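The values are calculated or read from the model by the stated rules, or taken from the named source; none is laboratory data. Just so it is clear, the model here is predicted, and its values are computed rather than measured. Glycine gets a Cβ as well: all are built from the backbone with ideal geometry, and neighbour counts include every protein chain shown.
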Amino acid sequence: MNRQERIKQRLFDKEYLTKQEWWGDDETILTSDEVRGLPLIVRKALAIRHVAAHMPIELKPDELIVGVPTMASVGFGKCFPEYALPDELEEAARWGFTPKSVFGHHLLNYETVVRKGCSGVRREVMERIATLEGGQSEKTEFYRSVLISLDALRVLADRYVDMLLSASQNAPDEQRRHELRMMARVCARVPEEPPETLHEALQAVWFVFVLCHSTMEFIPVGRTDQYLYPFYQADIAAGRLTKPEAEDLITSFLAKFSERVHMNMSDWEMHLRDEDTQYNGVDPNFTTTAGTYSNDDSYNFGTSANHWLCNMILGGVTADGEDATNELTYMILRQWAYLEPVVPVMSVRLNKKTPEALYRLCADILRNGSSEPALYNDEMFIEALQKYGVSARDANDYSNDGCWEVLIPGRTNFGFCMLQVLQMLEYMLQGGKSLVRGAVEVPDVPPLSVWESFESFYQYFLYLLEDTATKEIRNRLKTIAHRAKIAPSPLLSAFMDDCVARGEEYSVGGARYNMFGTYLTGFANCVDSLAVIKKMVYEEKRYTLADIAQLTRENFAGQEAVRQYFVNRIPKFGNDDPYVDDIAARLLGDFSSIIDRLRVTEAPGLILGEGVATFEFFAKWGHDVGASPDGRFSQDPVASNFSPVHGADLLGPTATIRSITAGDLLPYMMGAPLDIEVNPNEVRGDAGLDRMVALIKGFKACGGLILTITGANREQLLAAQKEPEKYRNLRVRLGGLSAYFVTLSKEMQNSIIKRTEHSL
């Protein structure tokens, strides 16, 4: 086997099946009065350096890029050295925060990593310190924390230099000895100094990524084909690197993201404590359940327990607006497809200048069983970002993070809230009560008899939506400054534009753009439910609102015929039916108007945007809500993201695309992904590939934002349930990420099987 084959075999036969060891549960830096007397942000930086100096380090067979993050990761708890004092912890707790309240969803500027290195950033910091005058102690503390964080990267790299040199003495053959010595030389230079080769650039990026993720900063890697391409180009031109050697480097780099993936659900160690399970920054006095996360640790939602919240995005345009596709775009995408991973989450930006070859490569990968890449409509996002105040060059350079949220690399402080619109509808029908939790959560909801017309019903729904959104935004902005007082991010800030220049941490003034997403959740179920109420109650008058309330309260018990009528006879979102699509378009427009008002009254200076999302939590969101008028049973999953209800879209993908683009999506630049499934049997051969490309281009032409396609059929999924060992590499899209199907809970698997397969 060649290197790439050996690496892939190692991932599937060893890494994915080996229970990982924990480190960091009981570490502390509070070992002296001198340390305890330091400013908190400096102590946080010392804790980062402590991790770099003491975390386990590993060397994997055949790899060319080294470094493995600790188990502090999404779904695996957050272990980090103790650095905060009791009074600081107490004050933070009043605002709902802990030292572990790092948010993630922030993309540092990797151009800074590969162009300046730590030494370049360090020089800038020292220059800024030299200009400080008295009375600027906070800036001094910030700069000191940045310097310590940069030192931490050097400490980590030096440890790998020693390990590699030692390993080279016992290598099995001269080729591996040569490789290990070369890797030691690379680690001796980066990330301290700016890289000079592709190998050095990859290792520099990875070291920064490793230390960030090992210290709870769950960051993506951004536009890798853009900031790495100059190094590839120079290496090829100088004869330092052949294309097969470059492929080996890229494969080794991509494989690193999968070394903390674990496929055996029974071995997942959540390591959650009470302080970790709260959704940090939510004050119950300022929000309603409809807008918050809830916790049910006994319920396995099968979401991201083997996922790192890590995105990579390729293609797009340059800062000047020219096509950005290059050789690395194709190489990275092909090597990623070969490895069949679930991380990094892969996305591709497409536009009118994108070569046909990239369209066809994406379509080919998707039809052959991958659930990625996610496909972004450049024209829509670039226009929307500029509309909200992002410069043209920065808008052209957009990237993504989290599940698919759009942001500007190295220049964005990001936050969001979720607005469970299906829950709000339940409150209206049940007098403010949650059917699942059994408590009145919204007081003073009027009696059903008040709403004598659909218009009056809908207007109260909008009132509830605006009231909830207002409280959510107000609460998050009220608490945001308190997060940085207990969980600052000096390492991340070191590589965020403007932080060093301003002497401020990225979340409290350092970032150039402050973005906040407001996401509608349970959208399709809510729209379908509104259609049922409009037609059955107000137009045909077959039922009263009280009847609908009783049916949902009793979970349609003994009323299956009625439920089936609601499911099958009332128009459903996703079928190009104006009756329900008009409701969807109206809700989108009305919510945009709400956010326009709140942008003025609650968030001046903030890029406040809209989106439609469940992320991967469509089962969890459904678990929080009782039966709904669209015929959905109590606690069943809701539709994912901006997609139709599972099984309701019966007329194929073209009809679905027409439905989701019936309204104006330009304000929804925070993301509104359409998730669809395509039967791979329908897209075989050249003709099938042409149909896939046509589908993608049609989505773009209609004004869609993000398209995700899963190319697995029902038979494959059912077979994987019966014989999981034969389908270890079968991947499915969960809303904002992908997962190996066999690692999901049975409920999640069944929900995915239930999705409609579209014929092209």
Return a yes/no flag: does segment 53-73 have any residue that is farther than 29 Å from residue 246 by Cβ, in a helix (DSSP H, G or I), in contact with a helix residue (DSSP H, G or I) (Cβ under 6 Å, 6 or more places away or on another chain) and modelled with pLDDT of 90 or more.
yes
How many of the residues in segment 158-174 are acidic (Asp, Glu) and outside any helix (DSSP H, G or I)?
1
For the structure I just gave you, tell me whether residue 343 is at pLDDT below 95 and not charged (D, E, K, R).
yes
Count of residues meeting criterion [within 15 Å of residue 11 (Cα to Cα) and either among the polar types (S, T, N, Q) or modelled with pLDDT of 95 or more (or both)] in segment 251-279:
8
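Residue-by-condition table, conditions (1) in a loop (DSSP other than H, G, I, E, B); (2) closer than 27 Å to residue 709 by Cα; (3) in contact (Cβ under 8 Å) with a residue 60 or more places away in the chain:
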residue: 594; (1), (2), (3): no, no, yes
residue: 600; (1), (2), (3): no, no, no
residue: 605; (1), (2), (3): yes, no, yes
residue: 627; (1), (2), (3): yes, no, yes
residue: 630; (1), (2), (3): yes, yes, yes
residue: 635; (1), (2), (3): yes, yes, yes
Among helices (runs of 4 or more DSSP H) completely within segment 652-751, the ones holding 2 or more residues that are in contact (Cβ under 8 Å) with a residue 60 or more places away in the chain and buried (at least 22 other Cβ atoms within 10 Å of the Cβ) are 653-660, 685-702
Is there a residue being in a helix (DSSP H, G or I), without any contact (Cβ under 8 Å) to a residue 24 or more places away in the chain, more than 22 Å from residue 83 (Cβ to Cβ) and touching a helix residue (DSSP H, G or I) at 6+ places or on another chain (Cβ under 8 Å) anywhere in segment 115-122?
no
Matching residues in segment 16-35 - criterion: being of a type outside the set (Phe, Trp, Tyr), in contact with a Lys or Arg (Cβ under 8 Å, 6 or more places away or on another chain) and assigned to a helix (DSSP H, G or I):
35
Do you know which of the residues in segment 349-399 that are β-branched (Val, Ile, Thr) and under 23 Å from the mean Cα position of the chain (by Cα) is surrounded by the most Cβ atoms within 10 Å (Cβ to Cβ)?
390
By residue number, the members of segment 607-623 that are within 14 Å of residue 636 (Cα to Cα) and outside any loop (DSSP other than H, G, I, E, B) are 618, 619, 620, 621, 622, 623
Among helices (runs of 4 or more DSSP H) completely within segment 436-529, the ones holding 1 or more residues that are surrounded by fewer than 23 Cβ atoms within 10 Å (Cβ to Cβ) and touching a residue at least 12 places away in the same chain (Cβ under 8 Å) are 454-486, 499-502
Mind listing just one residue for me: the one in segment 175-232 that is small (Gly, Ala, Ser) and assigned to a helix (DSSP H, G or I) and, of those, surrounded by the most Cβ atoms within 10 Å (Cβ to Cβ)?
201
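This table checks each residue for (1) of a type outside the set (A, V, I, L, M, F, W, C); (2) farther than 30 Å from residue 434 by Cα; (3) at pLDDT 95 or above.
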| site | (1), (2), (3) |
| --- | --- |
| 653 | yes, yes, no |
| 661 | yes, yes, yes |
| 667 | yes, yes, yes |
| 689 | no, yes, yes |
| 699 | no, yes, yes |
| 702 | no, yes, yes |
Pairs only if they're at least six apart or on different chains, beta carbon under 6 angstrom, first in segment 356-380 and of a type in the set (Val, Ile, Thr), second surrounded by fewer than 22 Cβ atoms within 10 Å (Cβ to Cβ); list them, first residue then second.
365/337
